[in-house]
Amino acid sequence: MQENTVWKRFTSFLISNSPGMRVIKTFLAITICLIIEHFRATSMPYHSSIAAIVCMQPTLKSTFKTAGDRTIGTLIAGLYSFLFITAFLQQMQMTPDSLGYYILIGAMTLPLMMLIIALKKQGGLAITVVVFILIVINAGETNPLNYTIERVVGTLIGIGVALFINWLPILNRIGKHLGHVEISPVSAASSNIEMARPELTGKRPESSK
């Protein structure tokens, strides 16, 4: 009985003070990612958190819809980064922090984005470019294959955590009580903010007097 009362107070607090379920889910995903990376003892623990932030969507359905594209994009970015590091750092001996290297990184994002678009994986475009930039800028003098694999694994962990958080039934139950607000186009006949439809909030519209 006591636990039930505490739970009701907790959910009521979240509902009345919530910044939105997407914010709450993102905060939880980041925290979980950092805990995982701590136990993995990785040298760059932020890759999974960045992936979770980029992949987080308001609902489980919308997250699943793009998770496949982002996973494929991450794998493509890993292979692309490996070839980039091998060619320009290992073979051509370019300096990792030189202006020329940075300009080359920027230039090589164009064919990468064109490849993702050609494969019709636009949902993974952002995470693909982010993974590529993070890997090649921080590559240094490490083994390109091992380094790339480590970074890709971190990103896939972030995607997985984002899916897990959006799946959690307890969060989805709380989210149902938070309502729904839609931003509609500005027009003379309507206001800027349109509240949720009655069927979403459970409230009936008041009849005009």
(request) Tell me, yes or no, whether region 69-89 has at least one residue that is without any contact (Cβ under 8 Å) to a residue 40 or more places away in the chain, surrounded by fewer than 20 Cβ atoms within 10 Å (Cβ to Cβ) and of a type outside the set (A, V, I, L, M, F, W, C). (result) no
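Can you tell me how many residues within region 96-127 are part of a loop (DSSP other than H, G, I, E, B), more than 15 Å from Ala139 (Cβ to Cβ) and either in contact with a Gly (Cβ under 7 Å, 6 or more places away or on another chain) or open to solvent by less than 40 Å² (accessible area, probe 1.4 Å) (or both)? So that I can check it myself, show each step before the final result.
First, pick out the residues of region 96-127 that are part of a loop (DSSP other than H, G, I, E, B): 96-98, 119-121.
Among the residues that remain, those that are also more than 15 Å from Ala139 (Cβ to Cβ) are: 119-121.
Filter once more, keeping what is either in contact with a Gly (Cβ under 7 Å, 6 or more places away or on another chain) or open to solvent by less than 40 Å² (accessible area, probe 1.4 Å) (or both): 121.
Looking only at that region, the number is 1.
The values are calculated or read from the model by the stated rules, or taken from the named source; none is laboratory data. Quick caveat, the model's predicted, so the values are computed rather than measured. FYI the Cβ positions are ideal-geometry reconstructions off the backbone, even for glycines, and counts take in every protein chain you see. Heads up: the accessible areas ignore ligands, DNA and RNA and are worked out on the full protein's heavy atoms, side chains in. Shrake-Rupley method; radii C 1.70, N 1.55, O 1.52, S 1.80 Å.
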